[in-house]
Amino acid sequence: MEGIGECVMRASLASLSARVRAASIHPARGVGVRVCSTARRPTSRATAADDEPPASSSPAADRVSSGEGARSWERFYRTHVGKGADPSAKPIRAFKDRHYLRREFAELMPQSIRDDPKAHTPPLDPSALPPPDVDSPDHKVVLELGCGVGNSAFPMMRANPDMFVHACDCSETAIANLRASPEFDPRRCDAFVADLAAGDSPLAEKIGDGTCDAVTGVFFFSALDSRTFGHVAAECWRVLKPGGSVLFRDYGLDDVKNAEGTKGATRGETRGAEFEPGRQIEDATYVRSDGTLAVFLDEARVEGVFREVGLEGECRRVTHEVVNRKLDVRITRSFVQGRFEKKAAA
Ligand SMILES: C[S@@+](CC[C@H](N)C(=O)[O-])C[C@H]1O[C@@H](n2cnc3c(N)ncnc32)[C@H](O)[C@@H]1O
């Protein structure tokens with residue numbers, strides 16, 4: 001993970017009407033995409049439909065579909081808040097605020113920030129700020145997947161106070177912490193718990209079809225196995241307005257942590273390297289010591305997943321130098337960043 005997360009690396013019926021809504025016609029498949037139905041995919045928490053192919057079983061898919069992935073993230077945040085502590089009592093600083101998103105996700109920003117991405121943006125003060133102006137050209141409705149405690153959502157809202165963010169995460173503790181922030185303003189953010197890997201689509205009840213200008217996922221898709229990734233991509237297509245886009249940033253396949261893990265290590269082995277990503281369970285897929293999953297993403301594969309659901313775009317490689325003064329090491333991290341658009345019907 002980036003920043004403080006480095007240490008973590010060491011130590012990732014909805015209602016019938018909602019079902020019908022979510023079964024919108026999908027351009028890539030030409031049939032209803034049942035993104036919100038329990039029939040979406042067989043898991044231990046959901047019943048498989050007769051017409052659904054059997055779940056591909058893999059160590060990563062088993063972890064995610066059994067709910068172990070979500071439970072691990074909840075444990076991760078509980079550890080950060082401290083045993084028995086009230087998640088609203090103090091901010092969880094698991095990750096650094098991702099200020100660079102105002103530059104990298106510039107299309108969500110007002111012109112003033114696009115012109116000067118480094119402009120000072122004060123913390124949000126709900127008592128002093130007017131509600132977001134829904135008539136402003138800067139008004140954007142964003143779904144932030146795997147929002148954690150808001151290290152991406154708050155910097156985006158600070159830079160664009162006319163933004164509204166639906167922020168979801170599988171960890172109750174993370175959401176409680178986000179909501180307890182003095183910057184949290186229910187007029188510009190709806191934060192809720194949802195396991196996006198669960199058989200039901202929790203988003204179907206919360207987010208209508210074609211209502212979002214963008215879906216963001218920052219170091220989120222790497223927590224999913226490939227099959228879940230495909231289902232979440234279809235859900236992105238459902239919630240996006242025509243012309244809206246998925247914007248994401250995540251671990252790249254050639255990131256040093258993946259290289260460290262594969263170099264000389266055999267599957268299932270844990271290496272002693274300082275920057276090891278964890279125990280390798282599949283190609284480019286690791287379970288960290290805290291049980292969270294880290295999948296290093298291949299650009300071509302990511303493009304294929306989004307294309308499959310009808311989202312058009314591409315990924316690019318982004319590198320970032322990280323200095324760990326304590327360990328006296330300098331490493332170059334490699335990330336994939338992408339933009340995938342739901343094209344307006346011709
Ligand atoms: C590396 S953190 C990134 C947090 C945040 N996006 C940020 O920018 O700091 C990954 C997040 O994805 C969430 N997550 C992982 N699997 C999830 C799932 N199946 N459903 C919803 N959230 C999930 C985790 O709880 C965690 O908060």
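The values are calculated or read from the model by the stated rules, or taken from the named source; none is laboratory data. Bear in mind that the values here come from a model prediction, so they are computed numbers and not experimental data. Using ideal geometry, Cβ is built from the backbone for each residue, glycine included, and neighbour counts are taken over all protein chains shown.
Among residues of region 122-143 that are among the hydrophobic types (A, V, I, L, M, F, W, C), those with a Cβ under 7 angstrom from a residue that is surrounded by fewer than 16 Cβ atoms within 10 Å (Cβ to Cβ) and in a loop (DSSP other than H, G, I, E, B), sequence gap 6+ or separate chain, pair up as VAL141/THR211.
Suppose the filter is over 17 Å from LYS96 (Cα atoms), surrounded by 18 or more Cβ atoms within 10 Å (Cβ to Cβ), aliphatic (A, V, I, L, M) and modelled with pLDDT of 95 or more; does ILE113 pass it?
The answer is yes for ILE113.
Just one of the numbered conditions (1) out of contact with any helix residue (DSSP H, G or I) (no Cβ under 6 Å at 6 or more places or on another chain); (2) surrounded by 24 or more Cβ atoms within 10 Å (Cβ to Cβ); (3) not hydrophobic (A, V, I, L, M, F, W, C) is not true of PRO161: (2). Restricting attention to region 148-177, the residues that are part of a helix (DSSP H, G or I) and aliphatic (A, V, I, L, M) total 7.
Criterion first (in a helix (DSSP H, G or I), at pLDDT 85 or above and not polar (S, T, N, Q)) does ARG339 satisfy it?
Details: in a helix (DSSP H, G or I): no; at pLDDT 85 or above: yes; not polar (S, T, N, Q): yes.
In short, no.
Which residues, counting only those in region 126-147, are within 14 Å of the ligand (Cβ to nearest atom) and part of a loop (DSSP other than H, G, I, E, B)? GLY146, CYS147 - these are the residues of region 126-147 that are within 14 Å of the ligand (Cβ to nearest atom) and part of a loop (DSSP other than H, G, I, E, B). Checking every residue in region 232-250 against the condition of being part of a strand (DSSP E or B), in contact with a helix residue (DSSP H, G or I) (Cβ under 6 Å, 6 or more places away or on another chain), farther than 20 Å from VAL141 by Cα and not polar (S, T, N, Q) gives at least one match. Criterion applied to THR43, THR121, THR38, THR79 was being of a type in the set (S, T, N, Q), at pLDDT 80 or above, surrounded by 15 or more Cβ atoms within 10 Å (Cβ to Cβ) and out of contact with any Lys or Arg (no Cβ under 8 Å at 6 or more places or on another chain), and the one residue passing it is THR79. Residue count for region 205-226, restricted to those that are within 14 Å of the ligand (Cβ to nearest atom) and surrounded by fewer than 20 Cβ atoms within 10 Å (Cβ to Cβ): 2.
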